[in-house]
Amino acid sequence: MDESITTTTSPSSSSPPPPPPPPEEPEPKKLKMSTTTSDDETTNTDPNSIDRKPRYKRRKIAIFLAYCGVGYQGMQKNPGAKTIEADLEEALFQSGGIPEPDRGNPKRFDWARSARTDKGVSAVGQVVSGRFYVDPPGFIDRLNSHLPDQIRVFGFKRVTNSFSSKKFCDRRRYVYLIPVFALDSNAHPDRESVLASLGSENELSKCLECPDRGRKVLGVMGKRKIIESKTLEVDGIDVVAQTETTEIESGFVLNNDGTENENVELESKASGVEVLAEIGGSEEVGSGLVQNSNGDGKAGKKSVFSYGEKEKEKFNRILGRYVGTHNFHNFTTRTKAEDPAAKRFIISFDANTVVNVEGVDFVKCEVVGQSFMLHQIRKMVGLAVAVMRTGAPESLIDVALQKDVNFTAPTAPEVGLYLDECFFTSYNQKWKDTHEEISMKDYAEEAEDFKMKQIYPHIGSTELKEGSVGIWLHSLNHRNYPDLNYLEANKVGNNGLAEESAAVPSVPVESAPIESVA
């Protein structure tokens, strides 16, 4: 009987182990994503490829530009409105900086701006940042070729991956050009003063310095009956009789037959000083109002005002009250006093230079701050001019900066305001060894040239043609802005502190550590 014998190999057996499986080819290593962007594109590097193109990458850059704000609804893109950003974004697409899939979607190319500007406000030192295709030569020239002349790009610089022109901007400097005559209380007197003169011997027909020829002064322009008194000699006796009716229309005196009264001649003097025509009366010079006794209506002496050392010292003292950290809820719109965003830090505010533009002298007001709210600078200038002109106490500004006070501040016209420069001090200090400095130093000459060719002529010509500041001054009075009488109405002393028994409590101006609020 055969027996099957099974042999079991013990672990200590000297038999060789089975051969290992053949080695597998390792998976190809994945390409490392660029730290610059997740949207980097590479082209086919196959030498036999017919469609081979240069290899381009997206770069995080800061773009330096300037623009004249006339005709634009501000810097920030707004659907349905003509804005600087909309035109700039379209130009970036047309010049190859933005791919088709990202067109109209700023988040995809990490868009940021260093400052927002209001409607009609210009800039010579604006900085925007984002990720764009900029490798091909001639990028700036192509970009400018797709932009109107009132928008110019000076250049760009490479920045760190985390850079944001909004978040890394330490401070901003704005300039407001205010005509010298605006600081003269005798220039362009308020409308109520003109209206109050109706029917008096010092009757005024219009403001000759305003291009609108007084049409803003309701009740003065248009037809109005006047009964003339004449002295007639009857049988050797002087008799006073009302004989004719005249009309004032468009500032001229008309006779009954519609002809112009030869005894009244209106003459404009281009000097930035208010000149008003009077009808009748004796010669009188005062408050910028001029009338002659000979009945010819020609301008005589006019008040002379210049921005001398005394005026400069006073205006700088007024502007200096804004310096520091304050609650500016009364200098903007839709921001409550309790909102932390109402606190802003003003580093400096001065007006030491006079520039002549289109034959008009302007005071150059420079304000530097961390950030500004909507209309804040225009309201700051507006209240400062009102204090300078109306003789209101300078402490009125301290009251307007109080958190528990509601105050209506005048808003100066937008045409004289422009963004001068943005500063990135902290960023430059941190990355000075590896990255270029983010500043306007390399583009200072181009920026000055743009300012003199685009922004200054626009400001000067607008004032000459439209008289925006002159017209605004007519409304700058206690009737339209009753808060200019705030100290007296609320029994607040000239030091800005409420007197005893006053209805409004004394609230000191708040101070806070420097904070960056965009």
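The values are calculated or read from the model by the stated rules, or taken from the named source; none is laboratory data. On a predicted model such as this, the values are computed, not experimentally measured, just so you know. All Cβ positions, even for glycine, are placed from backbone atoms using ideal geometry, and neighbour counts span all protein chains on display. Ligands, DNA and RNA are stripped out before the accessible areas are found, and what is left, the full protein with its side chains, is counted by its heavy atoms. Shrake-Rupley method; radii C 1.70, N 1.55, O 1.52, S 1.80 Å.
Structure values in brief
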read-out: Residue pairs meeting the criteria (Cβ under 7 Å; at least 6 apart or on separate chains; first of a type in the set (Gly, Ala, Ser), in the range 463-491; second open to solvent by less than 10 Å² (accessible area, probe 1.4 Å)); value: Gly467/Cys210; Gly470/His188; Gly470/Cys210
read-out: Condition met for Glu85 (at pLDDT 95 or above and under 17 Å from Arg108 (Cβ atoms)); value: yes
read-out: Ala392 in a loop (DSSP other than H, G, I, E, B) and modelled with pLDDT of 95 or more; value: no
read-out: Residues of the range 379-423 classified as open to solvent by 10 Å² or more (accessible area, probe 1.4 Å), closer than 17 Å to Pro482 by Cβ and among the β-branched types (Val, Ile, Thr), total; value: 3
read-out: Every residue from the range 424-447 that is of a type in the set (A, V, I, L, M, F, W, C) and either open to solvent by less than 40 Å² (accessible area, probe 1.4 Å) or touching a Gly at 6+ places or on another chain (Cβ under 9 Å) (or both); value: Phe424, Ile438, Met440, Ala447
read-out: Residue under evaluation Leu417, criteria (1) of a type outside the set (Ser, Thr, Tyr); (2) within 30 Å of Ala489 (Cα to Cα); (3) at pLDDT 95 or above, criterion not met; value: (2)
read-out: Enumeration of residues in the range 106-132 that are among the polar types (S, T, N, Q), assigned to a loop (DSSP other than H, G, I, E, B) and either without any contact (Cβ under 8 Å) to a residue 40 or more places away in the chain or closer than 16 Å to Ser162 by Cα (or both); value: Ser114
read-out: Elements of type strands (runs of 3 or more DSSP E) contained in the range 280-349, each with 2 or more residues being modelled with pLDDT under 50 and open to solvent by 60 Å² or more (accessible area, probe 1.4 Å); value: 284-286
read-out: Single unsatisfied condition, Val355 versus (1) more than 19 Å from the chain's Cα centre (by Cα); (2) open to solvent by 20 Å² or more (accessible area, probe 1.4 Å); (3) not polar (S, T, N, Q); value: (1)
read-out: Lone qualifier among Val194, Val127, Val180 - being buried (at least 22 other Cβ atoms within 10 Å of the Cβ) and at pLDDT 95 or above; value: Val127
read-out: Any chance Lys453 is surrounded by fewer than 20 Cβ atoms within 10 Å (Cβ to Cβ), within 30 Å of Cys169 (Cβ to Cβ), assigned by the TED database to the domain that holds Gln370 and not aliphatic (A, V, I, L, M); value: no
